[in-house]
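Report on the structure given below.
Values in this text are rule-based calculations from the coordinates and carry no lab data. Because the structure is a prediction, the values reported are computed rather than measured. For neighbour counting, all protein chains shown are included, and Cβ atoms are generated from backbone atoms with ideal geometry for every residue, glycine included.
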Amino acid sequence: MAKPKTMLVYRHAGVTRATHWINVLALTLLLMSGLNIFGAHPALYWGQKATFAHPWLSITAETHGNSTIGVTQIGGAKFDTTGVLGYSGKPGARQPVAFPAWATVPSYRDLADSRHWHFFFAWLFVLNGLVYWLVGLAGGHIVRDLVPTRADIRPTNLWHEVVTHAKLKFPKGEEARRYNVLQKGAYLGVALVLLPLMVATGLTMSPGFNAAAPWLLDLLGGRQSARTLHFLAAWAIVAFVLLHLFMVVASGTWNNIRSMITGRYAIVPDGDAR
Amino acid sequence: MSAPTTTRRGWLKAASAAAGGLWLAACDRITANPKAIGFLQSAEGLTRRAQRLVADRKALAHEYKASDISGDFRPNGSIDPAEPDYRAHVAQGFANYRLVVDGLVERPLSLSLADLRALPSRTQITRHDCVEGWSSIAKWHGARLGPLLDQAGLKPQARYIVFHCADSLEPQPDGSGQYYESIDLIDAYHPQTILAYAMNDFALPVRHGAPIRLRVERQLGYKQAKYIMRVEAVADFAHIARGKGGFWEDRGYEWYAGI
């Protein structure tokens, strides 16, 4: 039997591709500079103010006698995280620092400079997001490609998608031209909820912005709550990116990467029992 | 045993470690380059303008209830200045303390604590946000800066108010380690901007800046200068210390501390 020919389809518009890669750069640097900023006070609280003796999370170094260890405390539980969290660096030259040098920008503790990185790329991230949303709404991308259809959200379809996803069986032919409902949910959730939550929680830590939008401070439950939510949402984005990268590899690394660079995506016609 | 780089996994690991190392080195080089980090810091101007655009210049910082006051308000920066002049004031209970108000003013002033207490005052329970990330809440009571400046009469050229402090956080032979801060006239005349002489209904303690500290709500903790000895009206602050408008600004922090 002749091998079925793959077909190149135009999958991603230029704006989608450009904003995607700008986001990769901005979010990477925001995460790394953010982890450096966290190191200036490596403890998290809920509410308006710090309760210094009782953070819900802290990442610190503890010295007992002549040995120092990294301690990560979450609620009432304490973990020895020497080498990664709290106390890291080359053995013999370890430093008390919340996140290790390889995870932060700059690689050494520097609150002033990590703030410069953070706010510069925060602006890039926000402007990039605005372009994505304006073009996506005006051009119809978001409604056409991301909002689930009635057929998408039928329970039988949802179940079908969950099962085929779990088996890493990906659609072919016409079905491969569009996002399935789980992709739609994930992308829309990130673009509509998670990324705007990062901006909202970030802005709520700004005392200047608090005066402009006190309702946001109330909505998020206080400035220290906003800092906590900012931290948690950042890790939720990391979790999304890891899952996203796993799916990219599982469903065809180079095909996916090409489609996000040139826009062209190869689909295999139906009936190919590969 | 084969060398780690001869296996596919080992090769991938080595390649990603090399790429990560290059990335980190590039970021560190950008940070060390004054022009490059200056470019990143240009976002500060955008932030200040955007915040001034969306916030009314008189918009108030949130004020809290008495029950919200922190029992563990963290003192930061200098907490017990060692300068002999300051020690003498502490020993005398600030009886001979005088706040000098000068620079671009029509009538330079020299005010005792009693004079300051007689000025129009304000009480507010506000949140202090340290640039490090923590917050504490306290009740502040002090002289409103706006009426005080009006009493001295600002000259038309005055654009900034500089606060000279008694403490040296980082003693330097040229005096550039002296703590100081500056704000513009929008913040100087904001109704919540006060020279606080009381905290939580007691005289301001030494660790929090006795006898007076600035409260310029809507900005971060390093703007809240402690141990203020002199208030100077200036046209610009380029000639003071390292010229960036404050002790921490001279060490890389943003002059606009609203974020």
- Task: Determine the calculated [θ] at 222 nm for the protein assembly as shown from helices alone, applying -39500 (n - 2.57) to every DSSP H run no shorter than 4 residues and normalising by the residue count; nearest 500 deg cm²/dmol.
- Result: -12000 deg cm²/dmol
- Any idea what the relative contact order of chain A is, in percent, if you count C-alpha pairs under 8 Å spaced at least 6 apart? 26 percent
- Between the helical axis of A:155-166 and the dominant principal axis of chain A, each derived from Cα atoms, what acute angle in degrees is found, rounded to the nearest 10? 70 degrees
- Query: Regarding the protein assembly as shown, what are the three Cα extents along the principal axes, ordered largest first, in Å?
  - Reply: 102, 58, 45
- What is the spin-label model distance, in nm, from A:Trp235 to A:Trp21 if the labels are put 7 Å beyond Cα along the C-beta direction? 3.2 nm
- Message: At a threshold of 8 angstrom on Cα-Cα distance, excluding pairs fewer than six apart, so keeping six or more, what relative contact order does segment B:184-259 reach in percent?
- Response: 21 percent
- Message: Given axes a ≥ b ≥ c from the Cα gyration tensor, I'd like to know whether segment A:43-98 is rounded (a/c under 1.5), prolate (a/b larger than b/c) or oblate.
- Response: prolate
- Message: Tell me which trypsin sites (Lys or Arg not before Pro) from segment A:147-177 have a DSSP coil assignment and no more than 13 other beta carbons within 10 Å of their own.
- Response: A:Arg150, A:Lys167, A:Lys169
- Radius of gyration, Dmax [segment B:62-251; alpha carbons; angstrom]: 15.5, 45
- In degrees from 0 to 90, rounded to the nearest 10, what is the angle of the helix A:14-38 Cα long axis to the longest principal axis of chain A? 20 degrees
- Using Cα atoms only, what is the angle between the long axis of helix A:111-138 and the major principal axis of chain A, expressed in degrees (0 to 90) to the nearest 10? 30 degrees
- Segment A:Val199-A:Trp123, length gained on full extension (0.36 nm per residue, minus Cα span): 26.4 nm
- Message: Under 8 Å for C-alpha pairs, at least 6 residues apart: give me the relative contact order for segment B:62-251, rounded to a whole percent.
- Response: 25 percent
